[in-house]
Amino acid sequence: MCGIVGYTGAQQAAPILLEGLTNLEYRGYDSAGIAVINNKQILVSKVTGRIANLCERTNDGKSCPGTVGIGHTRWATHGAPTDTNAHPHMSNNGKFAVVHNGIIENYMNLREELINNGYHFESQTDTEVVVHLIEMYYNGDIKKAVKRTLARLEGSYALGVICADEPEKIYVAREASPLILGIGIGENFFASDVTALVQYTRNVIYLDDGEFAEITPESIKIFDCAGQQIKKKINHINWDIQAAEKGGYEHFMLKEIMEQPRAVKATISPRIKDNEIVLDETDLSVDYLKNIKKIVITACGSAYYAGCAGKHAIEKLCKIPVQVELASELRYSDPLIDERTLLLVISQSGETADTIAAMKECKRRGAKTLAIVNVVGSTIANLADHVLYTWAGPEIAVATTKGYTTQLAVLYLFALHAAKKLNRIDEQRYDNLLKVIKTLPKRIQEVIDMNPSIPKLAKKYHKHSSMFFIGRNTDYAIALEGALKMKEISYIHAESYAAGELKHGTIALIDEHQPVIALCCNDSVMEKTMSNIVEVKARGAEVLAVTFRNNQKIVSLADDVIFIPQVEPLFSAVVEIIPLQLLAYYVAKENGCDIDKPKNLAKSVTVE
Ligand code: M6R
């Protein structure tokens, strides 16, 4: 995720910006840059790679003198990680520089309009439209130009703007992306995250969506979207730096679980325009889709389990057979894959060795490849014929959470989009399902808010050395991921089982020492799974059920129940997994495990 920082005061800005960016390094980035105003001129320095390179390039900031500046660490979204795509971006007349976190969703239209108005673009980024709009609207009043620009933007942003003609001022704005103002004495700051500021000030103001501000060394003026000045509360930060990096959460995993409503929204919303799913990135024609015999999904770990859940949605909606294959198996299986196979490759990191090898093998056999990847410019993204990025931002905890749910979000979009292209869904159902997809971020937030008692459940279940996760159909796909989460961070043996399969042998293991987590969110098999609950209860197991909030029947069957909001089963995995992530997290915490860095595991598995 990008990080931004800005300073205006009496000190040299560049060293403060570099320090602030260094404190934001933990967020992940691929390039960095600063812009400083010196004698009414903006000096910009940007590099691909580490902040250390930027320090070297600027001689620790000494080659960028000036007391007002903005800085940025970029996590590539639109355009590869290059020096040119790095922020800050400059206006054509050299008077303005901009840093930006977030995604400008309508940037294509704005870009076209600006090109028609004679502006030229240096980068492939969405951000660059912002700086050209400001130049276009500027006629001696930066506040007016910023306000008019903000009114044109759709999407999410935390913005920092400097203007060579008004050299003491910085303008900042926020919409769906965090932005904090830091209050000093004779100096003021802004940043995307308190970590960048705590060594300079602990007095901060949090901007809310739709607000913008003018910062000078002596004052901070905050405005609502109509441009009216407003008053805001000053907060005092008493976190240490380490806690600040985690946004006040104890672990990155918990922070990333809580980020899921935003990550899923960032993945979905740029791809829905005028009530239509638009996947410009794929360009798969109707003729091509009609001609394929099957879709093969390949991946490892949680990405594979996302594929298992996605299979249900694709098959049901598109009526195309889907095979989900572990990449480590597929590569050595002499697979029946040819040019009439569409290969979906799923990977958070884009660098998983087994997935890359399976992908190469399938490409060799003629398959077209569509990758669902989180890291722009990664190996898998580069190898694929088409890429649909998940806009989860960097994931730091080894156990994936927002990586997995954003993969599901992309799979749902793909399934519904392809079904429409193939004419295999009527308008009414398409509209209804699109509505469901749009509300998923809200549902995720609801499920988090509805379940404050999960830490209490963790206290009850954490002592067991083994547990079962059962479900049928889509619920089974979620059981697979739920059990993996429990295993990898709490080190408790957890077995996922198709509920109907228990009686074919495994039920012999069920007794009072094996709690069963029963997933019961798919109406079409609900009664069947409830019978399985009765069976395991009869053998002494304690049952923790996860079900929709109106399913009161289950209360009399299970020992404990986690309720979630009702969601169309085809798309429910993205909501249903949340309590299982939280349960695994709190169980691991009870057991004193190293949650963000579980033993024997690496974030990116680049060896076979
Ligand atoms: O980066 P990838 O998505 O390709 O990684 C695949 C797996 O290694 C990954 O999902 C792993 O299973 C996670 N630790 C699960 O939380």
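Is it the case that D334 is farther than 22 Å from G403 by Cα, open to solvent by 50 Å² or more (accessible area, probe 1.4 Å) and not basic (K, R)?
Yes, satisfied.
Taking the condition farther than 28 Å from P579 by Cα and modelled with pLDDT of 90 or more, does T267 pass?
No: the conditions fail for T267.
Against the definition (within 15 Å of Y586 (Cα to Cα) and buried (at least 21 other Cβ atoms within 10 Å of the Cβ)), how does A458 come out, yes or no?
no
Could you list, in sequence order, the residues of segment 72-107 that are in contact with a strand residue (DSSP E or B) (Cβ under 9 Å, 6 or more places away or on another chain), among the polar types (S, T, N, Q) and part of a loop (DSSP other than H, G, I, E, B)?
Listed by number, the residues that qualify are T77, T82, T84, N85, S91, N106.
With the structure loaded, tell me whether I554 is touching a residue at least 12 places away in the same chain (Cβ under 8 Å), out of contact with any Gly (no Cβ under 8 Å at 6 or more places or on another chain) and open to solvent by less than 50 Å² (accessible area, probe 1.4 Å) or whether it fails that test.
Judged against the criteria, I554 is a match.
Filtering segment 472-523 down to residues that are open to solvent by 50 Å² or more (accessible area, probe 1.4 Å) and among the hydrophobic types (A, V, I, L, M, F, W, C), which residue is farthest from G403 (Cα to Cα)?
A508
Yes/no matrix, rows are residues, columns are (1) on the phi > 0 side of the Ramachandran plot; (2) under 25 Å from the mean Cα position of the chain (by Cα):
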| residue | (1), (2) |
| --- | --- |
| A176 | yes, yes |
| L179 | no, yes |
| G182 | no, no |
| D193 | no, yes |
| T201 | no, no |
| G210 | yes, yes |
| E218 | no, no |
| K231 | no, no |
| N235 | no, no |
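For segment 1-28, name all the residues that are free of Cβ contacts under 8 Å to residues at least 60 places away in the same chain and either closer than 29 Å to K402 by Cβ or open to solvent by less than 20 Å² (accessible area, probe 1.4 Å) (or both).
Those that are free of Cβ contacts under 8 Å to residues at least 60 places away in the same chain and either closer than 29 Å to K402 by Cβ or open to solvent by less than 20 Å² (accessible area, probe 1.4 Å) (or both): A13, A14, L17, L18, T22, E25.
Residue under question is R148, and the condition is that it be open to solvent by 10 Å² or more (accessible area, probe 1.4 Å) and closer than 20 Å to K273 by Cβ; does it hold?
In short, no.
Got a number for residues in segment 31-50 being under 27 Å from W391 (Cβ atoms) and either more than 22 Å from the chain's Cα centre (by Cα) or open to solvent by 30 Å² or more (accessible area, probe 1.4 Å) (or both)?
Residues meeting the conditions: 8.
Select, from A266, A309, A299, the only residue that is buried (at least 23 other Cβ atoms within 10 Å of the Cβ), more than 16 Å from the ligand (Cβ to nearest atom) and among the small types (G, A, S).
Only one candidate qualifies: A266.
With (1) over 19 Å from I268 (Cβ atoms); (2) in a helix (DSSP H, G or I) as the list, and L413 as the residue in question, which single condition is left unmet?
L413 satisfies every listed condition except (1).
So, in segment 181-197, how many residues would count as being in a loop (DSSP other than H, G, I, E, B) and open to solvent by 10 Å² or more (accessible area, probe 1.4 Å)?
Residues that pass the stated criteria total 5.
Need pairs with beta-carbon distance below 9 Å; first residue within 13 Å of the ligand (Cβ to nearest atom) and open to solvent by 10 Å² or more (accessible area, probe 1.4 Å) and within segment 399-414, second among the acidic types (D, E) and not in a loop (DSSP other than H, G, I, E, B); sequence gap 6+ or separate chains.
Close Cβ pairs satisfying both conditions: T400/E256.
Just checking: which of the helices (runs of 4 or more DSSP H) contained wholly in segment 207-284 hold 2 or more residues that are out of contact with any Gly (no Cβ under 7 Å at 6 or more places or on another chain) and of a type outside the set (A, V, I, L, M, F, W, C)?
Because the criterion is at least 2 residues that are out of contact with any Gly (no Cβ under 7 Å at 6 or more places or on another chain) and of a type outside the set (A, V, I, L, M, F, W, C), the helices (runs of 4 or more DSSP H) in segment 207-284 that meet it are 241-245, 260-268.
Looking for whichever is among the β-branched types (V, I, T) and open to solvent by 20 Å² or more (accessible area, probe 1.4 Å) here; the options are T369, T355, T341, T379. Which one fits?
T379
Kindly establish whether Q323 is under 23 Å from G482 (Cα atoms) and more than 13 Å from the ligand (Cβ to nearest atom).
Against the criterion (under 23 Å from G482 (Cα atoms) and more than 13 Å from the ligand (Cβ to nearest atom)), Q323 qualifies.
Part of a helix (DSSP H, G or I), within 16 Å of V543 (Cα to Cα) and at pLDDT 95 or above: does that describe A479?
Yes: the conditions hold for A479.
Does E542 fit the bill of being more than 16 Å from the ligand (Cβ to nearest atom) and farther than 26 Å from P455 by Cα?
In short, no.
Scan segment 568-584 and give yes if some residue there is of a type in the set (S, T, N, Q), in a loop (DSSP other than H, G, I, E, B), more than 16 Å from the ligand (Cβ to nearest atom) and open to solvent by 20 Å² or more (accessible area, probe 1.4 Å), otherwise no.
no
Can you tell me which residue within segment 347-365, out of those that are outside any helix (DSSP H, G or I) and at negative phi, is farthest from the ligand (Cβ to nearest atom)?
Checked segment 347-365; the qualifying residue farthest from the ligand (Cβ to nearest atom) is R365.
Regarding F121, is this residue of a type in the set (F, W, Y) and in contact with a Lys or Arg (Cβ under 7 Å, 6 or more places away or on another chain)?
Criteria met by F121.
Looking at segment 561-577, can you tell me whether even one residue there is over 21 Å from I533 (Cα atoms) and modelled with pLDDT under 90?
Looking for residues that are over 21 Å from I533 (Cα atoms) and modelled with pLDDT under 90, one finds none in segment 561-577, hence no.
State which residue is farthest from N423 (Cα to Cα) when the search covers only segment 293-335 and only residues that are modelled with pLDDT of 95 or more and part of a loop (DSSP other than H, G, I, E, B).
If we take residues in segment 293-335 being modelled with pLDDT of 95 or more and part of a loop (DSSP other than H, G, I, E, B), then C300 is farthest from N423 (Cα to Cα).
Filter segment 366-389 for residues that are touching a Leu at 6+ places or on another chain (Cβ under 9 Å) and in a loop (DSSP other than H, G, I, E, B) and give the result.
Residues satisfying the conditions are A367, A384, D385.
Condition test on K442, is it of a type in the set (K, R) and more than 16 Å from the chain's Cα centre (by Cα)?
Spelling it out, it is not the case that K442 is of a type in the set (K, R) and more than 16 Å from the chain's Cα centre (by Cα).
The values are calculated or read from the model by the stated rules, or taken from the named source; none is laboratory data. Owing to the predicted nature of the structure, the values given are computational and were not obtained by experimental measurement. For neighbour counting, all protein chains shown are included, and Cβ atoms are generated from backbone atoms with ideal geometry for every residue, glycine included. Please note that ligands, DNA and RNA were not included when accessible areas were found on the heavy atoms of the full protein model with its side chains. Shrake-Rupley method; radii C 1.70, N 1.55, O 1.52, S 1.80 Å.
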